[in-house]
1. Can you tell me how many residues within segment 147-174 are assigned to a loop (DSSP other than H, G, I, E, B) and in contact with a Lys or Arg (Cβ under 9 Å, 6 or more places away or on another chain)?
2. Identify, from the list Leu197, Leu187, the residue that is farther than 30 Å from Ser55 by Cβ and not basic (Lys, Arg).
3. Against the definition (within 16 Å of the chain's Cα centre (by Cα), at pLDDT 95 or above and either within 16 Å of ligand 1 (Cβ to nearest atom) or closer than 29 Å to Gly163 by Cβ (or both)), how does Ala70 come out, yes or no?
4. Evaluate segment 178-194: report whether one residue or more is more than 13 Å from ligand 1 (Cβ to nearest atom) and either modelled with pLDDT under 95 or farther than 21 Å from Met1 by Cα (or both).
5. If I filter segment 121-149 down to residues being of a type in the set (Gly, Ala, Ser) and crowded, with 20+ Cβ neighbours inside 10 Å, which single residue comes out as farthest from Val32 (Cα to Cα)?
6. Pull up segment 141-169, narrow it to residues that are closer than 16 Å to Lys119 by Cα and not aliphatic (A, V, I, L, M), then point me to the one that is nearest to ligand 2 (Cβ to nearest atom).
7. Inside segment 100-154, can you point out the residues that are of a type in the set (Ser, Thr, Tyr) and within 26 Å of Asp61 (Cα to Cα)?
8. Can you tell me which residue is farthest from the chain's Cα centre (by Cα) among those in segment 170-197 that are away from ligand 2 (no atom under 16 Å from the Cβ) and within 23 Å of Gly39 (Cβ to Cβ)?
Amino acid sequence: MLEVSDLHVSYGPVRAVHGVSLSASAGRVTLVLGANGAGKTTSLRAIAGFHKPDSGSVRFDGRDITGTAAHKVVRRGMVLVPEGRKIFLPLTVEENLRIGGYTAPRGSIEHSIDEVYEKFPILAERRHSPAGLLSGGEQQMLAFGRALMSKPKLMLMDEPSMGLAPTMVERVLSSVRTMADAGIGILMVEQNAEAGLRIADTVAVVSRGETVWTGTALEARDGKAIVHAMLGEAALDGA
Ligand SMILES: Nc1ncnc2c1ncn2[C@@H]1O[C@H](COP(=O)(O)OP(=O)(O)OP(=O)(O)O)[C@@H](O)[C@H]1O
Ligand SMILES: [Mg+2]
């Protein structure tokens, strides 16, 4: 469904990403792991059309969408749930959802909102509250709900558990699993590797702007493979 091959992205003279390759498929969670500054956010933003890559290719649903603008990518069925959630805090829960439905035919929006409320009943309870009054976990669910309004085939998620209490981390990640089980493809960056690995199917490790390891979540849970991949041979010497 998504094939990213040898992606290169820079900010002016700064080469942030130089050789990221990964894939994602329907109904599966692909977890992207990597240290701070490895290029995870840059990769997701380039895939989703917020930043033009220098080279490499992004194929989605059988088409080359490399460098296609984000609003067009959304219409094709890929949506980014950004780092820090970026929901509109003064607007109500329902107003935030309507914004997420901007690409949808007008007649389908009410139905889509009801579907989001079915998936996240807490959002239905809070539909008329300003989003700023929700807890961090609820705000993350709202960010998911807003993304679901575009009926995505693939959701890209940048650190959905960031800043959440441990019980909320579990709830948020289990809702990610549920969305995948409903058939949506998920490509998720997650700093909390342990929690992420519990719900992931496949893993890509990015180090210093490059994909250095890919494999199944089962293989990745063997910590040695991951440490090896992230830090290189030297990290295990003398360990
Ligand atoms: N707007 C920018 N301008 C210049 N350099 C940037 C910009 N954004 C990121 N970078 C640099 O690009 C590299 C990759 O950053 P990126 O944010 O993609 O990493 P990340 O893996 O998401 O890190 P984190 O785990 O901290 O979120 C870093 O060296 C960073 O300093
Ligand atoms: Mg990041």
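1. 7
2. Checking each option against the conditions leaves just Leu197.
3. yes
4. yes
5. Taking segment 121-149 and keeping what is of a type in the set (Gly, Ala, Ser), we get 124, 129, 131-132, 135-137, 143, 145, 147.
Subsequent filtering for residues that are crowded, with 20+ Cβ neighbours inside 10 Å retains 131, 137, 143, 145, 147.
Working: Ala131: 28, Gly137: 21, Ala143: 19, Gly145: 22, Ala147: 19 Å.
Among those that are of a type in the set (Gly, Ala, Ser) and crowded, with 20+ Cβ neighbours inside 10 Å, it is Ala131.
6. Applying the filter and picking the extreme gives Phe144.
7. Tyr102, Thr103, Ser108, Ser112, Ser150
8. Selected residue: Glu194.
The values are calculated or read from the model by the stated rules, or taken from the named source; none is laboratory data. It should be emphasised that the depicted structure is a prediction, and the values quoted were computed from it without experimental measurement. Reconstructed Cβ throughout: ideal geometry from the backbone, glycine too, with neighbour counts over all protein chains shown.
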